[in-house]
Amino acid sequence: MMKKTTTIRSLLRVVVPLLLLSFQAACVTPIGVKEVTPSQSYHDAYANPLSAGVASDQTKAVLNRYDLLMQFKKDQAAAIAALHARALHDQRRDLLYALSETSYLCGERLAKSNDPVDQGLAPDYFLLSAIYAYLFLLDDRSEPPPTAFDQRFRNACNLYNFSLWRALATGEDGGLVLAGGMRKLPLGSVAITLEKTKFPWQFSDFSIIEPADKYAARGISVRNRTPGMGLPLIALKKANKDSPFGGQAVPVTAFLRIHGDLAALSVGTAAATLELHSTYDDSAIVVNNRLIPLEADLTTPLAYILEGASIWGFGTSAFLGKEFNRVPNGLYLTQPYQPGRIPVVFVHGTASSPVWWVEMFNTLRGDPELRCNYQFWYFVYSSNAPVAMSAADLRDELVKKVATLDPEGKDPALGQMVVVGHSQGGLLTKFLVVDTGEKLVRSMTGKGIEALEMSVFDKERLRHISIVKPLPFVKDVVFIATPHRGSFRSKMWVRKLVRSLITLPATVVSRTATYYEFFTDDVKRITGGNSIATSADGMSPDNPLLKALADMPLAPGVRGHSIIAVLPGMDIPTGNDGVVEYKSAHLEGMQSELVVRSEHSCQGKPQTIEEVRRILLEHLPTPPAGTVEAPD
């Protein structure tokens, strides 16, 4: 029996390995390859903590070098401490990169823990990750810094940016805490100082500061983001009288500048400065004699302020007369005033509002050349009043704003203003740059003002509305789909319908009624015998005031530009945009004219935006190299 058992065992020793070899040969070897798609290949090759929640191949190589792969799986903190100790005596930068990745992964694991103690440790590991990434990129070491061809270079920038967000999220419900103080870390400590000298506003004026990456912008074609280092922020100013639809959302970048090396961090002598930079002012900073671009997000703050904002319903409700008590006609700034930057004023059209400029504003502000040289304002008005009255309000607001912002006249940029008007807004814009004399009054009454038998007060009010001189600080005007000779849609039945639907302010009603008896019979026919005139009456092709205004040349020294919409498929000379005909929008003597194939609301079209961009670049004292002329 014993002999038989021994024989079986001997046989098994021979047969089993043969069976195993046969099985492996028929199936999969321990080492080999498998075919993957290009997408899978890219994902596997460049997987990292931010993209896939795993350590990159470069970090795994460093961990494997010191036999820390298994330890990192079992005890992340111990593996990080061991790698940190190695990096103190090893000048290779790849250790710092591996430390940044492993610290981020450790912070991620702790943040997801159900243990409050673990959750409290997570921001410290994220801060470690940011410091390691900073040192990998910018520390002085015997090994040169990574080049732009090194995949780790961009990964390290992203690790720094996202780690900084999560390192500062120590407030209630994960809110950001932008403050100085000592931060004790799992490995060493760092003293942080808050630096606000590059933040050109009062910190107390802001109610909310949020990471831009916390939100995904929607509804805007392009998210303008510039790559670099730093945490892009949304800084929301408190609402005030200058922001009737909510506070201004200012793009800011936070940058943590490290003072000291890894050894200083370990012994607790490292320091850091948390700098707040206005994205309007700073696009790059200098670190260790190297120019470092700041990461910036210009679109998300804009989308943030418009989320659920009351401005979305303003255009139509204001046209119907439901908003004039809440939001008076006024000039508002999209950003705090900054001397040295030329104002670009957007004037919306009928039943519209500033939100119709969002696409253009987002694109123009995304251009670094324009952002450094311009500031963007907008005029809000109830677009149901007669055009001349709204134009007087625009003129008054511009004069008042310039006097308020620069009472001593020290800012030459305010004297180079550009005004961009769409549709009715273009008519308001033309009132800023013409010398009317008494032509407009005579077109409506057939007489000069002194010949009109009305009170001195009414004459002065009429003079203020209809006899204007060009504003000396407006140098360029852009007319977009502007009905200089009226809209073919402004027919009698349309004007009657408008008058039946809207409610004009009492001041507007009293003014139009006062002047009605002095109008010529032709003008009275335009309003259908009704003493109450609206903007729809003002945009009738039969309106003599509009005809007179259309024939007036721009003031000397003012450059005019026309952007005219014509629907696809139509011949340009006889075409229209559904509201305004080409022949109505065309003006002789303009410096440039561009026809875009679009419906009337063309201010958000790429061709329109690019043309305004060209005009603004050309408007600068020294146009940038590569500026092209307007297409024929």
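Couple of notes before you dig in:
- Residue ID - farthest from the chain's Cα centre (by Cα), chosen from residues in region 106-125 that are open to solvent by 20 Å² or more (accessible area, probe 1.4 Å) and of a type in the set (A, V, I, L, M): Val117
- Residue in region 398-410 that is crowded, with 18+ Cβ neighbours inside 10 Å, within 25 Å of the chain's Cα centre (by Cα), modelled with pLDDT of 90 or more and closer than 19 Å to Thr482 by Cβ present: yes
- Of all residues in region 560-581, those that are farther than 15 Å from Thr482 by Cα and free of Cβ contacts under 8 Å to residues at least 12 places away in the same chain have Cβ atoms under 9 Å from Cβ atoms of residues that are part of a strand (DSSP E or B) and among the acidic types (Asp, Glu), 6 or more apart or on another chain, in Thr574/Glu581.
- If the condition is being touching a residue at least 60 places away in the same chain (Cβ under 8 Å) and open to solvent by less than 20 Å² (accessible area, probe 1.4 Å), then region 284-301 contributes Val287, Ile292, Leu294, Glu295, Ala296, Asp297, Leu298, Thr299, Thr300, Pro301.
- Tallying residues that are closer than 16 Å to Pro556 by Cα and under 32 Å from the mean Cα position of the chain (by Cα) within region 581-591 yields 2.
- Entry remark, region 372-423: residues being within 28 Å of Asp577 (Cβ to Cβ), of a type in the set (Lys, Arg) and touching a Pro at 6+ places or on another chain (Cβ under 8 Å) number 0 in total.
- Residues in region 151-203 that are over 24 Å from His84 (Cβ atoms) and aromatic (Phe, Trp, Tyr): Phe199, Trp201, Phe203.
- Condition met for Gly446 (surrounded by 15 or more Cβ atoms within 10 Å (Cβ to Cβ) and at pLDDT below 95): yes
- Condition check for Lys459: basic (Lys, Arg), at pLDDT 95 or above and open to solvent by less than 50 Å² (accessible area, probe 1.4 Å): no
- Matching residues, region 326-354, being more than 23 Å from Trp201 (Cβ to Cβ) and either open to solvent by 20 Å² or more (accessible area, probe 1.4 Å) or at pLDDT 85 or above (or both): Arg326, Pro328, Asn329, Val347, His348, Gly349, Thr350, Ala351
- Checking each residue in region 588-598 for being at pLDDT 95 or above and in contact with a Leu (Cβ under 9 Å, 6 or more places away or on another chain) picks out Met590, Glu593, Arg597, Ser598.
- Checked against the criterion of being open to solvent by 30 Å² or more (accessible area, probe 1.4 Å), β-branched (Val, Ile, Thr) and either within 18 Å of Leu274 (Cβ to Cβ) or touching a residue at least 12 places away in the same chain (Cβ under 8 Å) (or both), the candidates Ile192, Ile209, Ile234 yield just one match: Ile209.
- Applying the criterion of at least 2 residues that are among the acidic types (Asp, Glu) to the helices (runs of 4 or more DSSP H) found wholly in region 360-453 leaves 387-405.
- Checklist (1) touching a residue at least 40 places away in the same chain (Cβ under 8 Å); (2) surrounded by 16 or more Cβ atoms within 10 Å (Cβ to Cβ) applied to Gly53, failing item: (2)
- Hey, Ala156 in contact with a Pro (Cβ under 8 Å, 6 or more places away or on another chain), over 15 Å from Ala254 (Cα atoms) and open to solvent by less than 30 Å² (accessible area, probe 1.4 Å) or not: yes
- Where a residue in region 146-162 is touching a residue at least 40 places away in the same chain (Cβ under 8 Å) and its partner, wherever it lies, is part of a helix (DSSP H, G or I) and open to solvent by 50 Å² or more (accessible area, probe 1.4 Å), with Cβ under 8 Å and at least six apart: Pro146/Phe153; Gln151/Gln58; Arg152/Gln58
- Taken over region 249-294, the criterion of being assigned to a strand (DSSP E or B), in contact with a Gly (Cβ under 8 Å, 6 or more places away or on another chain) and of a type in the set (Val, Ile, Thr) is satisfied by Thr253, Ile292.
- Considering residues of region 540-567 that are assigned to a loop (DSSP other than H, G, I, E, B) and under 30 Å from the mean Cα position of the chain (by Cα) only, the residue nearest to Val434 (Cα to Cα): Val558
- Test for Trp201: is it over 30 Å from Lys60 (Cα atoms), in contact (Cβ under 8 Å) with a residue 24 or more places away in the chain, among the aromatic types (Phe, Trp, Tyr) and open to solvent by 30 Å² or more (accessible area, probe 1.4 Å): yes
The values are calculated or read from the model by the stated rules, or taken from the named source; none is laboratory data. Here the structure is a predicted model, which means the values were calculated and not measured. Cβ coordinates were reconstructed from backbone atoms using ideal geometry, including for glycine residues, and neighbour counts include every protein chain displayed. Only protein heavy atoms, including side chains, enter the accessible area calculation; ligands, DNA and RNA are left aside. Shrake-Rupley method; radii C 1.70, N 1.55, O 1.52, S 1.80 Å.
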